[in-house]
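Novice: What follows is a structure written as C-alpha cells; I'll ask about it next.
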Amino acid sequence: MLKINFFDEANGPKECLKVLKTVLKRAAKDQKLRGKNVISVILVTNEKIRELNNTYRKMDRPTDVLSFPDNETKGELGDIFISYEKALWQAEEYGHSFDRELAFLSLHGFLHCLGYDHQNEKEEKEMLDLQRKILENTKYKR
C-alpha cells in the first residue's frame, strides 16, 4: 500500500490530498514498486519551484513539477514538488479543472520517481500512454 506524505507550502485547497490519494494509489496498483511504498508530494509556490529548478536543473524559471527519485532510502520512492500557481494557470489554459491538473502533474512526477522519462520519442510515448491509461481509470480523465 502506498503512503503519501503531503506538505502544502502554498496554502492550496484542502481537497488536494484526496486528489493525490486517488491518482497515486491507482497508479501504484499497476506498477512494480520494488519494496518502495512512500512518496512525498509538496505543493509549493512559483518562487520555490523556480529556486529548485535553478539549483538542480540550472533553469532560472518556474516549472510545473519536479521529481527527485530516492534511490538511497529504504521504502522511499522520492519527492514530487508541484507549483500550485502553475497548476492553477495550466488548468485554466488547458480548459480543465485544477483537480485534473494536479492529478496529471502528481502522476507525471510519480512515474519519474519510478524511472520513467521522456528524453526521446519512444520514452515519451511510453510515459504519456501510461499516464493516459492510469488517468482513464480515475475521475480525472480528459
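Novice: Counting only DSSP beta bridges with both residues in the chain, tell me the antiparallel percent, nearest 5.
Specialist: Beta bridges within the chain, antiparallel portion: roughly 30 percent.
Novice: Here's a follow-up. Let a ≥ b ≥ c be the square roots of the eigenvalues of the Cα gyration tensor of the range 1-90; is it rounded (a/c under 1.5), or, if not, prolate (a/b larger than b/c) or oblate?
Specialist: Numbers: a/c = 2.32, a/b = 1.37, b/c = 1.69.
It is oblate, given that a/c is not under 1.5 and a/b is not larger than b/c.
Novice: Here's something else I'd like to know. Could you provide, to the nearest whole Å², the per residue accessible area of the range 22-129 with probe 1.4 Å?
Specialist: Per-residue accessible area for the range 22-129 comes out at 55 Å².
Novice: Which pairs, out of K14/K122; K18/K74; K58/K133; K14/K141; K32/K58, put more than 30 Å between their alpha-carbon atoms? List each step's numbers first, then the result.
Specialist: Numbers: K14/K122 37 Å; K18/K74 26 Å; K58/K133 32 Å; K14/K141 21 Å; K32/K58 32 Å.
Pairs exceeding the cut-off: K14/K122; K58/K133; K32/K58.
Novice: Take each of the peptides 93-99, 73-79, average the number of other beta-carbon atoms within 10 Å over its residues, and list them starting from the highest.
Specialist: Packing proxy ranking, top to bottom: 73-79, 93-99.
Novice: Follow-up. Taking 0.36 nm per residue of sequence separation and subtracting the Cα-Cα distance, how much length would be gained by fully extending the chain between N120 and Y94, in nm to one decimal?
Specialist: On the way: separation 26, 0.36 × 26 = 9.36 nm, distance 2.40 nm.
Gain in length upon complete extension: 7.0 nm.
Novice: Related question: Can you give me the C-alpha center-to-center distance between the range 64-142 and the range 8-32, rounded to a whole angstrom?
Specialist: Centre-to-centre distance over Cα atoms comes out at 11 Å.
Novice: I need to check one value: relative contact order of the chain, counting alpha carbon pairs closer than 8 Å and at least 6 residues apart, in percent.
Specialist: Values: 232 pairs, mean separation 34.1, N = 142.
Across the chain, relative contact order equals 24 percent.
Novice: Sorting check: for 8-17, 38-47, 62-71, which peptide has the highest mean count of neighbouring beta carbons within 10 Å, and how do the rest follow? Display every interim value, and only then the final one.
Specialist: Working: 8-17: 14.5, 38-47: 19.8, 62-71: 17.4.
Descending mean neighbour count gives 38-47, 62-71, 8-17.
Novice: Here is a further query. Under a cut-off of 14 Å between alpha-carbon atoms, report the aspartates and glutamates in cross-link reach of K3, not counting same-chain residues fewer than 8 places apart.
Specialist: Within the straight-line cut-off, K3 pairs with E76, D79.
Novice: Another question, if that's okay. Give me the accessible area of R61, 1.4 Å probe, in Å² rounded to the nearest 10.
Specialist: Accessible area, nearest 10 Å²: 130 Å².
Novice: Which part of the range 31-51 falls in the paramagnetic zone of D70, meaning amide N under 20 Å from the point 7 Å along Cα-to-beta-carbon?
Specialist: Once the point is set 7 Å along Cα→Cβ of D70, 31-44, 49 turn out to lie under 20 Å by backbone N, inside the range 31-51.
The values are calculated or read from the model by the stated rules, or taken from the named source; none is laboratory data. Remember, predicted model here, so these are calculated numbers, not experimental data. Neighbour counts are summed over all protein chains in view; Cβ atoms, including those assigned to glycine, are modelled from backbone coordinates with ideal geometry. Keep in mind that these areas ignore ligands, DNA and RNA; they rest on the heavy atoms of the full protein, side chains included. Shrake-Rupley method; radii C 1.70, N 1.55, O 1.52, S 1.80 Å.
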